[in-house]
Amino acid sequence: MPDPIRRIVILGGGSAGWLTAAVLAAEHDAASGAGLQITLIESPDVATVGVGEGTWPTMRDTLRRTGVSETDFIRECDAAFKQGSKFLRWREDRADDYYHHPFVLPTGYLDTNLVAGWMAHSDVPFSMLTCFQSHLCEAGKSPKQFATPEWASVANYSYHLDAAKLGVFLRRHCVEKLGVRHVSDHMVGVEAHDNGDIAALQTREHGAIAGDLFVDCSGMRALLIGQHYGVEIESQKGVLFNDRAIAVQVPYVDPTVEIACQTLSTAQEAGWIWDIGLQSRRGIGHVYSSTHTTDDAAEAALRRYIVETGGREDDIRTLPRITIKPGFRRGAWHRNCVAIGLASGFMEPLEASSLVMVELAAGMLADQMPATREAMDIVAKRYNDTFSYRWDRIVDFLKLHYVLSKRDDSDYWRDNRLPETIPTRLQELLELWRHQPPSRYDLNRVEEVFPSASYQFILYGMGFMPDPRPAARHSDDVARAEGYFRESAELARKMLAALPGHREMLDHVKSRGMPRI
Ligand SMILES: Cc1cc2nc3c(=O)[nH]c(=O)nc-3n(C[C@H](O)[C@H](O)[C@H](O)COP(=O)(O)OP(=O)(O)OC[C@H]3O[C@@H](n4cnc5c(N)ncnc54)[C@H](O)[C@@H]3O)c2cc1C
């Protein structure tokens with residue numbers, strides 16, 4: 001008789017653990033008792049990492065899949081809308097240096113080569129010319145109207161959220177609605193079968209908790225995949241230097257001030273500072289390279305930034321310093337254990353690529369849940385191939401943000417441009433992109449983490465100037481692009497008039513809610 005997979009044990013109750021539990025329980029009918037049995041073990045002694053506030057638009061679909069209400073989520077998780085990122089001082093260390101990476105594709109993106117047309121207007125930022133959403137971000141507009149139903153959008157969006165509140169929100173939903181068993185206890189050991197599979201996790205108060213598949217969401221400790229199985233992290237420190245972070249929470253001095261609807265990312269001498277606007281406070285942090293600066297200098301830069309951007313030094317609540325080992329595990333699924341979240345890897349928070357990997361992992365696990373132990377190794381191999389590919393693309397995409405900088409104020413920026421720190425595939429793409437824009441031929445999987453349009457926003461935002469192509473198609477492209485630039489400007493004009501302000505929309509959601517479909 002084949003061994004059916006019925007009992008799933010998730011170790012860890014951070015964002016990764018609860019998101020995975022919610023997706024699996026909702027999709028596999030845990031509440032009825034007929035589907036999977038899902039147990040989540042969460043230590044009362046080990047805090048969650050406490051950060052992770054910027055998300056990718058996939059989060060809308062992930063949350064919708066779990067059956068929560070978007071109104072409840074926004075109210076309870078202090079959430080705000082995010083429409084992309086704004087990068088300041090990345091090309092040059094100047095106050096007027098910035099560009100956007102919005103979530104909406106450039107108008108006409110799938111129809112023509114807009115880059116050829118943009119080069120005739122290259123004094124206008126690429127995203128401002130091609131994408132109406134950059135104008136919404138600059139004007140602080142909401143991505144939806146009061147009457148737009150839950151999960152639907154006028155302009156594509158994701159969220160800024162309070163990570164601790166998300167954990168509480170998902171835990172309640174999982175336990176009360178989705179039939180997840182929550183065990184608040186500390187895991188103290190692993191019991192193994194003769195073949196090396198995990199049989200059960202030993203806990204301090206609840207004894208051994210047996211399962212068929214174990215999901216390691218124990219954070220950077222990686223208790224099962226790392227400590228028990230010894231699956232190594234492949235370090236990326238030679239490519240992505242940032243290995244330390246300080247995070248703080250800063251209240252708004254004026255509670256009526258506009259809330260940014262994009263992540264602000266400001267380059268520093270040896271790293272960058274994120275600035276995320278929630279309903280009640282800002283989440284701000286400095287991520288930096290310990291090879292290129294000291295903890296004290298990094299904290300001083302963070303405090304300076306907060307004061308310069310309207311915060312009060314006395315209000316700063318500092319969270320514990322975080323050490324990052326940039327890297328990932330190629331074999332995140334080993335035997336009957338799959339690592340999701342920080343246990344599987346982490347690079348740095350640039351572009352919020354971590355929670356989207358949790359969502360993709362939980363989604364693939366739910367869709368491809370092996371029916372039997374015999375099928376599990378086949379699914380595991382495909383899973384590892386898929387996620388190794390994704391991690392490699394994240395490394396390329398994050399590094400792209402650094403390699404084109406003209407900053408010369410520190411070794412950090414100079415070292416980031418050294419060819420030996422740039423992955424070979426990215427070097428090849430940069431050579432190709434001198435003559436043709438990033439396209440689906442460069443990123444040809446169905447579910448790429450970052451689509452080719454994202455690469456265009458970064459590349460041209462960073463001031464990359466391709467060699468014009470004297471091909472016959474060139475003049476057609478330019479003429480078509482001109483039409484799309486006019487269409488994009490018209491869309492921006494209409495939406496700026498029609499959409500409410502970001503804070504106004506959040507206040508509306510808090511008091512009146514959003515229509516449900
Ligand atoms: C500085 C920084 C900024 C970030 N910003 C972003 C961002 O903007 N966007 C984004 O997408 N991601 C971001 N991330 C990543 C994001 O925080 C994580 O992907 C997310 O929080 C998931 O973490 P986790 O659940 O894997 O781990 P954790 O939050 O660390 O949770 C680990 C869990 O394991 C439990 N545990 C540990 N040991 C035991 C034990 N012995 N027994 C039982 N339970 C145990 C703990 O109690 C806890 O519940 C950031 C990360 C860092 C470090």
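Sort ASP367, ASP507 so the one with the fewest other Cβ atoms within 10 Å of its own Cβ comes first. Please list the in-between numbers first.
Numbers: ASP367 9, ASP507 14.
Least to most surrounded, the residues fall as ASP367, ASP507.
Ordered by residue, what ³J(HN,Hα) values in Hz, to whole numbers, does the range 396-411 give under the Karplus form 6.51 cos²θ - 1.76 cosθ + 1.60, where θ = phi - 60° and Gly and Pro are x?
The phi angles translate into 4, 5, 5, 5, 3, 5, 9, 6, 9, 5, 9, 4, 9, 8, 7, 4 Hz.
For the range 277-422, with the dipole built from +1 on Lys and Arg beta-carbon atoms and -1 on Asp and Glu ones, taken about the Cα centre, which of SER353, ILE306, LEU404 lies farthest toward the positive end?
It is SER353.
Where Rh is the Kirkwood radius over the Cα pairs of the chain, the temperature 10 °C and the viscosity 1.306 mPa s, what D in µm²/s does Stokes-Einstein return?
Working: Rh = 24.0 Å.
Translational D for this selection: 66 µm²/s.
What is the spin-label model distance, in nm, from MET465 to TYR441 if the labels are put 7 Å beyond Cα along the C-beta direction?
2.5
Per residue of the chain, what 222 nm ellipticity follows from adding -39500 (n - 2.57) for every DSSP H run with n ≥ 4, rounded to the nearest 500?
On the way: 15 runs with 183 residues, N = 517.
The helix contribution divided over the chain gives -11000 deg cm²/dmol.
Put +1 on the Cβ of each Lys and Arg and -1 on the Cβ of each Asp and Glu in the range 365-517; which of TYR389, ASN416, ALA479 then has its Cα farthest toward the positive end of the dipole?
Positive-end residue among those listed: ALA479.
Counting alpha carbon pairs within less than 8 Å and at least 6 residues apart, what relative contact order, in whole percent, applies to the range 319-438?
Numbers: 78 pairs, mean separation 25.1, N = 120.
For the range 319-438, the relative contact order is 21 percent.
Note the full-extension length gain between ARG204 and MET220 as 0.36 nm times their separation in residues minus their Cα-Cα distance, in nm to one decimal.
On the way: separation 16, 0.36 × 16 = 5.76 nm, distance 2.11 nm.
Going from the current span to full extension adds 3.7 nm.
Count the net charge of all other residues whose Cβ sits under 13 Å from the Cβ of ILE41, scoring Lys and Arg as +1 and Asp and Glu as -1. The partial results should precede the final answer.
Values: positive: ARG7, ARG171, ARG181, ARG204; negative: GLU42, ASP45, ASP185, GLU205, ASP216.
Value of the local net charge: -1.
Residue farthest toward the positive end of the dipole of the chain, with Cβ of Lys/Arg at +1 and Asp/Glu at -1: which of ALA297, ILE41, ILE316?
ILE41
Only Lys, Arg, Asp and Glu count, each charged at its Cβ (+1, +1, -1, -1), so figure out the dipole size of the range 342-495 about its Cα centre, rounded to 20 debye.
Numbers: 20 positive and 25 negative charges, 65 e Å.
With Lys and Arg at +1 and Asp and Glu at -1, about 320 debye.
For ARG6, list long-range residues whose amide hydrogen, built 1.01 Å from N in the peptide plane, is under 5 Å from its own amide hydrogen.
Here ASP212 satisfy the definition.
Whose amide H sits under 5 Å from the amide H of ALA339, counting only residues 5 or more places off or on another chain, with H placed in the peptide plane?
ASP216, TRP333, HIS334
Which whole-number percent is the relative contact order of the chain (Cα, under 8 Å, 6+ apart)? Walk me through the numbers before you get to the answer.
Details: 1016 pairs, mean separation 126.4, N = 517.
Contact order relative to length: 24 percent.
Mind listing the phi-derived Karplus ³J(HN,Hα) values for the range 477-490, rounded to whole Hz, using 6.51, -1.76 and 1.60 with θ = phi - 60°, and x for any glycine or proline?
Karplus values, whole Hz, x for Gly and Pro: 4, 4, 5, 5, 4, 4, x, 5, 5, 5, 5, 5, 5, 5.
Sorted by average packing, counted as other Cβ atoms within 10 angstrom per residue and highest first, what order do 276-282, 414-420, 141-147, 7-13 take? It would help to have the intermediate numbers written out before the result.
On the way: 276-282: 21.4, 414-420: 13.1, 141-147: 19.7, 7-13: 26.3.
My ranking of the peptides, most packed first, is 7-13, 276-282, 141-147, 414-420.
So for the range 392-506, averaging the separation of alpha carbon pairs under 8 Å that are six or more residues apart and normalising by length, what relative contact order in percent results? The partial results should precede the final answer.
Working: 56 pairs, mean separation 28.7, N = 115.
Reported relative contact order: 25 percent.
Sort 197-203, 398-404 by the packing proxy (mean of other Cβ within 10 Å over each peptide's residues), most packed first.
Values: 197-203: 19.4, 398-404: 21.0.
The most tightly packed comes first, giving 398-404, 197-203.
Exposure proxy check: SER184, SER475, SER85 ranked by fewest other beta carbons within 10 Å? Before the final figure, lay out the partial values.
Details: SER184 13, SER475 10, SER85 24.
Final ranking by Cβ density, sparse to dense: SER475, SER184, SER85.
Mind checking which lysines have their C-alpha under 29 Å from LYS165, skipping anything on the same chain fewer than 8 residues away?
Output for LYS165: LYS82, LYS86, LYS141, LYS144, LYS177, LYS325, LYS510.
Could you work out how far helix 15-27 tilts from the main Cα principal axis of the chain, as a 0 to 90 degree angle to the nearest 10?
70
Starting at the first residue of the range 172-184, write each ³J(HN,Hα) from the Karplus equation 6.51 cos²θ - 1.76 cosθ + 1.60 with θ = phi - 60°, in whole Hz, x for Gly and Pro.
For the range 172-184, the Karplus-derived couplings read 4, 4, 4, 6, 7, 10, 9, x, 7, 8, 9, 10, 8 Hz, x marking Gly and Pro.
Assign unit charges at the C-beta atoms only (+1 for Lys and Arg, -1 for Asp and Glu), then state the dipole size of the chain relative to its Cα centre in Debye, rounded to the nearest 20. Walk me through the numbers on the way to the answer.
Numbers: 57 positive and 69 negative charges, 154 e Å.
For the chain, the charge dipole is close to 740 debye.
Where a number appears in this text, it was derived from the coordinates with a stated rule and is not lab data. What you see is a predicted model, and the numbers here were worked out from it, not measured in a lab. Counting neighbours? That spans all protein chains shown, and the Cβs are built from the backbone with ideal geometry, glycine included.
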